[in-house]
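Trainee: Quick one: this structure, given as structure tokens, is what I'll be asking you about.
Computed from the coordinates by the stated procedures, all read-outs in this text should not be read as laboratory data. Quick caveat, the model's predicted, so the values are computed rather than measured. Neighbour counts run over all protein chains shown; Cβ positions are idealised from the backbone, glycine included.
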Amino acid sequence: MNVLRDAAAIRGALTELVEQACAEGLQATICVIGGAAVELHLGDRGATRDIDALVFKVGVLDHIVGRIAAERGWPRNWLNSEARLYASAHDDPLQWTELLRSGEAVVRVAPVEVLIAMKLYAARGARDFLDLDPLLGHLGWQGDDAAACFERYYPHDGLKPAALRYLNARLA
């Protein structure tokens, strides 16, 4: 079920989230990654079923996320922090570009370079590789640029075989 049709729907959900957090005097930072971040940057990815995010002060926003889900008929996990497993230890999401703010509730979005590195690190097949083509095109990058980016964010990890195949095909 794709509940977030486009960048406007993603931005609308996040705006509602930070405005409600502000109204309750909550302090939190949400750093958008994954397909929602791709849509926010490029605007032509299309629908996503959730917003992958690194959420600082985890749990503080759960009741608001649940309330928004109930009001809109969305799944409770429309704001999903499971993708944090793909975050780089060699990056500071608190320095990413601020997208929205209401009081002490802030939304930041991962830079395109970070998204490329994360998509290569996850290497979950079409799910990630379909996003890589437009991301690389957005920067005018080739496979070797993407490999260097991956190395910068994941210097102690090697590319998975699927990511290597993708990059080799892109270089061919």
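Trainee: Once you charge only the Cβ atoms, +1 for Lys and Arg and -1 for Asp and Glu, what is the size of the charge dipole of the chain about its Cα centre, to the nearest 20 debye?
Mentor: Details: 18 positive and 23 negative charges, 84 e Å.
Dipole size: approximately 400 debye.
Trainee: Subtract the Cα-Cα distance of ALA89 and HIS138 from 0.36 nm times their separation in residues, and report this length gain in nm to one decimal. Intermediate values should be presented prior to the final figure.
Mentor: On the way: separation 49, 0.36 × 49 = 17.64 nm, distance 2.47 nm.
Using 0.36 nm per residue and subtracting the Cα-Cα distance, I get 15.2 nm.
Trainee: Expected output is a single nm value to one decimal: the length gained when fully extending between GLU82 and THR97, i.e. 0.36 nm times separation in residues minus the C-alpha distance. What is it? Mind dumping the intermediate values first?
Mentor: Values: separation 15, 0.36 × 15 = 5.40 nm, distance 2.14 nm.
Stretched out fully, the GLU82 to THR97 stretch lengthens by 3.3 nm.
Trainee: Select from GLN20, GLY46, SER81 the residue farthest towards the positive end of the dipole of region 7-110; place +1 on Cβ of Lys and Arg, -1 on Cβ of Asp and Glu, and compute about the Cα centre.
Mentor: GLY46
Trainee: Right, next: Here are a few candidate values for log10 I(q)/I(0) by the Debye sum over Cα atoms at q = 0.10, 0.11, 0.17 Å⁻¹: (i) -0.47, -0.55, -1.09; (ii) -0.55, -0.64, -1.15; (iii) -0.38, -0.45, -1.01. Which one was actually calculated from the structure I just gave you?
Mentor: Working out log10 I(q)/I(0) by the Debye sum over Cα atoms at q = 0.10, 0.11, 0.17 Å⁻¹ from the coordinates points to (iii).
Trainee: For an R0 of 22 angstrom, estimate the FRET efficiency from the Cβ-Cβ distance between PHE56 and ARG152 and round to the nearest 0.05. Could you put the intermediate results ahead of the total?
Mentor: Numbers: r = 23 Å, r/R0 = 1.04.
Approximately 0.45, to the nearest 0.05.
Trainee: Where nothing but the Cβ of Lys and Arg (+1) and of Asp and Glu (-1) is charged, how large is the charge dipole of region 23-75 around its Cα centre, in debye to the nearest 20? Numbers along the way, then the final one.
Mentor: Numbers: 5 positive and 7 negative charges, 10 e Å.
Rounded to the nearest 20 debye, it is 40 debye.
Trainee: Further, regarding this structure: Charges only on Cβ, +1 for Lys and Arg, -1 for Asp and Glu: so what's the dipole of region 1-101 about the Cα centre, in debye to the nearest 20?
Mentor: Details: 10 positive and 14 negative charges, 41 e Å.
It comes to approximately 200 debye.
Trainee: So the label point goes 7 Å from the Cα of ASP44 along Cα→C-beta, right? Which residues of region 91-133 then have their backbone N under 14 Å from it?
Mentor: It comes to 131-133, nothing else.
Trainee: Ok, one more. In degrees from 0 to 90, rounded to the nearest 10, what is the angle of the helix 143-153 Cα long axis to the longest principal axis of the chain?
Mentor: Helix 143-153 sits roughly 50 degrees off the main axis of the chain.
Trainee: Can you give me the Cα centroid spacing of region 1-48 and region 71-110 in angstrom?
Mentor: 8 Å
Trainee: Run the numbers for ASP145 and HIS63: contour at 0.36 nm per residue of separation, minus the present Cα-Cα distance, in nm.
Mentor: Details: separation 82, 0.36 × 82 = 29.52 nm, distance 4.16 nm.
Stretched fully, the ASP145-HIS63 segment lengthens by 25.4 nm.
Trainee: Indicate the gyration tensor shape class of region 113-171 (rounded, prolate or oblate), computed on the Cα atoms with a ≥ b ≥ c the square roots of the eigenvalues: a/c under 1.5 is rounded; otherwise a/b larger than b/c is prolate and the rest oblate. Don't skip to the end; give the middle numbers.
Mentor: Numbers: a/c = 1.35, a/b = 1.12, b/c = 1.21.
Rounded.
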